[in-house]
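Here is the structure we will look at.
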Amino acid sequence: MGIDPGLTRMGMGVVEGMVGRPLTLIDVNVIRTTSTLPIAERLVTIERGIDAWLDEHQPDAVAVERVFARSDVSTIMGTAQASGIALVCAARRGLPVALHTPSEVKAAVSGNGRADKAQVGAMVTRILRLDAPPKPADAADALALAITHIWRGGAQARIDAALAASRRTTSARTDSRSRA
(Lines give C-alpha, C1' and ligand atoms only; values in the text may rest on other atoms or scores of the structure.)
Protein backbone atom coordinates (compact mmCIF):
# COMPACT_ATOMS: atom_id res chain seq x y z
CA MET A 1 0.00 0.00 0.00
CA GLY A 2 1.37 3.39 -0.97
CA ILE A 3 0.57 6.54 1.00
CA ASP A 4 1.23 10.06 -0.25
CA PRO A 5 0.90 12.05 2.98
CA GLY A 6 -0.89 15.35 3.18
CA LEU A 7 -3.09 17.12 5.67
CA THR A 8 -5.69 18.20 3.08
CA ARG A 9 -5.35 15.26 0.67
CA MET A 10 -3.81 11.92 1.65
CA GLY A 11 -3.31 9.73 -1.41
CA MET A 12 -3.89 6.01 -0.83
CA GLY A 13 -3.15 3.27 -3.34
CA VAL A 14 -2.96 -0.50 -3.25
CA VAL A 15 -1.08 -2.43 -5.92
CA GLU A 16 -0.53 -6.17 -6.18
CA GLY A 17 2.28 -7.97 -7.95
CA MET A 18 5.94 -8.82 -7.95
CA VAL A 19 9.12 -7.85 -9.73
CA GLY A 20 9.17 -9.09 -13.30
CA ARG A 21 5.40 -9.59 -13.48
CA PRO A 22 2.61 -7.19 -14.45
CA LEU A 23 1.28 -5.18 -11.51
CA THR A 24 -2.44 -4.82 -10.79
CA LEU A 25 -4.34 -1.88 -9.35
CA ILE A 26 -6.42 -3.01 -6.37
CA ASP A 27 -7.76 0.36 -5.19
CA VAL A 28 -6.92 4.05 -5.17
CA ASN A 29 -8.48 7.04 -3.46
CA VAL A 30 -7.79 10.18 -1.45
CA ILE A 31 -8.65 10.89 2.17
CA ARG A 32 -9.68 14.54 2.38
CA THR A 33 -9.89 16.89 5.33
CA THR A 34 -11.04 20.48 5.44
CA SER A 35 -8.82 23.29 6.64
CA THR A 36 -11.68 24.70 8.74
CA LEU A 37 -11.34 21.86 11.25
CA PRO A 38 -8.75 21.89 14.04
CA ILE A 39 -5.55 19.97 13.21
CA ALA A 40 -6.27 17.30 15.84
CA GLU A 41 -9.65 16.48 14.25
CA ARG A 42 -8.10 16.38 10.79
CA LEU A 43 -5.46 13.91 12.02
CA VAL A 44 -8.16 11.71 13.56
CA THR A 45 -10.01 11.71 10.21
CA ILE A 46 -6.79 10.65 8.49
CA GLU A 47 -6.12 7.94 11.08
CA ARG A 48 -9.62 6.50 10.68
CA GLY A 49 -9.31 6.54 6.91
CA ILE A 50 -5.93 4.78 6.94
CA ASP A 51 -7.15 2.23 9.48
CA ALA A 52 -10.18 1.48 7.29
CA TRP A 53 -7.91 0.95 4.26
CA LEU A 54 -5.56 -1.29 6.21
CA ASP A 55 -8.51 -3.33 7.49
CA GLU A 56 -10.07 -3.61 4.03
CA HIS A 57 -6.95 -4.35 1.96
CA GLN A 58 -4.64 -6.04 4.50
CA PRO A 59 -1.42 -5.10 2.68
CA ASP A 60 1.88 -6.93 3.18
CA ALA A 61 3.76 -3.63 3.52
CA VAL A 62 3.21 0.11 3.57
CA ALA A 63 5.29 2.62 1.61
CA VAL A 64 5.09 6.27 2.67
CA GLU A 65 6.63 9.23 0.90
CA ARG A 66 9.51 10.60 2.95
CA VAL A 67 8.81 14.18 4.00
CA PHE A 68 11.36 16.62 2.62
CA ALA A 69 12.02 20.29 3.27
CA ARG A 70 10.12 22.78 1.15
CA SER A 71 10.04 26.53 1.47
CA ASP A 72 6.68 26.66 3.29
CA VAL A 73 7.17 25.44 6.87
CA SER A 74 3.41 25.17 7.53
CA THR A 75 3.08 22.75 4.59
CA ILE A 76 5.99 20.66 5.89
CA MET A 77 4.45 20.46 9.36
CA GLY A 78 1.05 19.28 8.11
CA THR A 79 2.63 16.75 5.78
CA ALA A 80 4.91 15.47 8.54
CA GLN A 81 1.99 15.14 10.96
CA ALA A 82 -0.05 13.21 8.40
CA SER A 83 2.97 11.03 7.60
CA GLY A 84 3.42 10.23 11.28
CA ILE A 85 -0.20 9.05 11.49
CA ALA A 86 0.39 6.71 8.52
CA LEU A 87 3.54 5.31 10.15
CA VAL A 88 1.76 4.71 13.46
CA CYS A 89 -1.25 3.02 11.81
CA ALA A 90 1.03 0.60 9.95
CA ALA A 91 3.35 -0.02 12.91
CA ARG A 92 0.39 -0.73 15.20
CA ARG A 93 -0.43 -3.69 12.93
CA GLY A 94 3.18 -4.85 12.78
CA LEU A 95 3.43 -4.09 9.05
CA PRO A 96 6.80 -3.37 7.46
CA VAL A 97 7.03 0.33 6.62
CA ALA A 98 9.32 1.86 4.02
CA LEU A 99 9.99 5.52 3.35
CA HIS A 100 10.78 6.47 -0.24
CA THR A 101 11.92 9.92 -1.34
CA PRO A 102 10.02 11.73 -4.08
CA SER A 103 13.02 11.55 -6.42
CA GLU A 104 13.41 7.80 -5.76
CA VAL A 105 9.76 7.23 -6.66
CA LYS A 106 9.98 9.40 -9.79
CA ALA A 107 13.11 7.56 -10.91
CA ALA A 108 11.56 4.15 -10.25
CA VAL A 109 8.40 4.73 -12.27
CA SER A 110 9.68 7.08 -15.00
CA GLY A 111 13.45 6.64 -15.13
CA ASN A 112 13.87 10.31 -14.24
CA GLY A 113 14.23 11.48 -10.64
CA ARG A 114 13.08 14.95 -11.70
CA ALA A 115 9.92 13.88 -13.54
CA ASP A 116 6.91 16.14 -13.12
CA LYS A 117 3.52 15.05 -11.81
CA ALA A 118 2.13 14.56 -15.32
CA GLN A 119 5.00 12.20 -16.23
CA VAL A 120 4.52 10.19 -13.03
CA GLY A 121 0.77 9.97 -13.65
CA ALA A 122 1.35 8.86 -17.24
CA MET A 123 3.79 6.14 -16.20
CA VAL A 124 1.53 4.90 -13.39
CA THR A 125 -1.25 4.66 -16.01
CA ARG A 126 1.02 2.70 -18.33
CA ILE A 127 2.52 0.41 -15.67
CA LEU A 128 -0.90 -0.51 -14.26
CA ARG A 129 -2.55 -0.63 -17.70
CA LEU A 130 -5.22 1.94 -16.76
CA ASP A 131 -7.49 3.81 -19.15
CA ALA A 132 -6.66 7.21 -17.62
CA PRO A 133 -4.29 8.67 -15.02
CA PRO A 134 -5.63 8.49 -11.45
CA LYS A 135 -6.91 11.85 -10.20
CA PRO A 136 -5.97 13.87 -8.26
CA ALA A 137 -2.18 13.70 -8.48
CA ASP A 138 -2.02 12.57 -4.83
CA ALA A 139 -3.75 9.32 -5.86
CA ALA A 140 -1.28 8.73 -8.69
CA ASP A 141 1.60 9.49 -6.32
CA ALA A 142 0.31 6.91 -3.82
CA LEU A 143 0.22 4.29 -6.58
CA ALA A 144 3.74 5.29 -7.66
CA LEU A 145 4.89 4.71 -4.07
CA ALA A 146 3.30 1.25 -4.02
CA ILE A 147 4.89 0.40 -7.38
CA THR A 148 8.29 1.64 -6.19
CA HIS A 149 8.06 -0.45 -3.06
CA ILE A 150 7.16 -3.61 -4.95
CA TRP A 151 10.03 -3.05 -7.38
CA ARG A 152 12.63 -1.88 -4.84
CA GLY A 153 11.34 -2.72 -1.37
CA GLY A 154 11.88 -6.47 -1.55
CA ALA A 155 15.54 -6.07 -2.40
CA GLN A 156 16.03 -3.52 0.38
CA ALA A 157 14.34 -5.83 2.88
CA ARG A 158 16.76 -8.65 1.94
CA ILE A 159 19.74 -6.28 2.33
CA ASP A 160 18.47 -5.10 5.73
CA ALA A 161 17.95 -8.71 6.89
CA ALA A 162 21.46 -9.68 5.78
CA LEU A 163 22.96 -6.71 7.61
CA ALA A 164 21.01 -7.54 10.77
CA ALA A 165 22.16 -11.19 10.61
CA SER A 166 25.74 -10.04 10.13
CA ARG A 167 25.52 -7.75 13.17
CA ARG A 168 24.10 -10.59 15.28
CA THR A 169 26.94 -12.91 14.20
CA THR A 170 29.56 -10.27 14.96
CA SER A 171 27.93 -9.54 18.31
CA ALA A 172 27.81 -13.27 19.20
CA ARG A 173 31.52 -13.64 18.40
CA THR A 174 32.37 -10.64 20.53
CA ASP A 175 30.27 -11.98 23.41
CA SER A 176 31.93 -15.43 23.28
CA ARG A 177 35.41 -13.85 23.48
CA SER A 178 34.63 -11.80 26.55
CA ARG A 179 36.67 -12.44 29.64
CA ALA A 180 35.52 -12.09 33.19
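Take region 121-139 and flag every residue that is outside any loop (DSSP other than H, G, I, E, B) and either on the phi > 0 side of the Ramachandran plot or in contact with a Ser or Thr (Cβ under 6 Å, 6 or more places away or on another chain) (or both).
Within region 121-139, the first condition is being outside any loop (DSSP other than H, G, I, E, B), and the residues that meet it are 121-127, 137-139.
The one that is outside any loop (DSSP other than H, G, I, E, B) and either on the phi > 0 side of the Ramachandran plot or in contact with a Ser or Thr (Cβ under 6 Å, 6 or more places away or on another chain) (or both): Met123.
Scanning region 54-67 for residues that are of a type in the set (Asp, Glu) and in a helix (DSSP H, G or I) yields Asp55, Glu56.
Among the residues of region 97-113, write down those that are touching a residue at least 40 places away in the same chain (Cβ under 8 Å) and assigned to a helix (DSSP H, G or I).
Applying the first criterion (touching a residue at least 40 places away in the same chain (Cβ under 8 Å)) to region 97-113 yields 98, 100, 104-105, 108.
Across region 97-113, the qualifying residues are Glu104, Val105, Ala108.
Would you say Val14 is out of contact with any Cys (no Cβ under 7 Å at 6 or more places or on another chain), modelled with pLDDT under 95, within 30 Å of Arg126 (Cα to Cα) and among the β-branched types (Val, Ile, Thr)? Answer is no for this residue. Please verify whether region 33-44 includes one or more residues that are outside any loop (DSSP other than H, G, I, E, B), under 22 Å from Thr8 (Cα atoms), in contact (Cβ under 8 Å) with a residue 40 or more places away in the chain and in contact with a strand residue (DSSP E or B) (Cβ under 7 Å, 6 or more places away or on another chain). Checked against the condition, which is being outside any loop (DSSP other than H, G, I, E, B), under 22 Å from Thr8 (Cα atoms), in contact (Cβ under 8 Å) with a residue 40 or more places away in the chain and in contact with a strand residue (DSSP E or B) (Cβ under 7 Å, 6 or more places away or on another chain), region 33-44 yields no hits at all.
Condition first: in a loop (DSSP other than H, G, I, E, B) and modelled with pLDDT of 95 or more. Can you find one or more residues in region 68-85 that meet it? Can you show your working first?
First pass over region 68-85, keeping only residues in a loop (DSSP other than H, G, I, E, B): 68-72.
If we keep only those that are modelled with pLDDT of 95 or more as well, we get none.
Among the residues of region 68-85, not one is in a loop (DSSP other than H, G, I, E, B) and modelled with pLDDT of 95 or more, which makes the answer no.
Considering region 1-37 alone, what residues qualify as being open to solvent by less than 80 Å² (accessible area, probe 1.4 Å) and among the acidic types (Asp, Glu)? Asp4, Asp27 - these are the residues of region 1-37 that are open to solvent by less than 80 Å² (accessible area, probe 1.4 Å) and among the acidic types (Asp, Glu). Residues in region 51-96 that are open to solvent by 50 Å² or more (accessible area, probe 1.4 Å) and in contact (Cβ under 8 Å) with a residue 60 or more places away in the chain: Val67, Gln81, Pro96.
Could you check, for region 146-154, whether at least one of its residues is at pLDDT below 95, part of a helix (DSSP H, G or I) and over 13 Å from the mean Cα position of the chain (by Cα)? Taking every residue of region 146-154 in turn, at least one turns out to be at pLDDT below 95, part of a helix (DSSP H, G or I) and over 13 Å from the mean Cα position of the chain (by Cα). In summary, Glu65 fulfils each of the numbered conditions (1) modelled with pLDDT under 95; (2) under 20 Å from Ser103 (Cβ atoms); (3) of a type outside the set (Gly, Ala, Ser) with the single exception of condition (1).
The values are calculated or read from the model by the stated rules, or taken from the named source; none is laboratory data. Quick caveat: nothing in here was measured; it's all calculated off a predicted structure. Counting neighbours? That spans all protein chains shown, and the Cβs are built from the backbone with ideal geometry, glycine included. The area values use the complete protein model at the heavy-atom level, side chains included, leaving out ligands, DNA and RNA. Shrake-Rupley method; radii C 1.70, N 1.55, O 1.52, S 1.80 Å.
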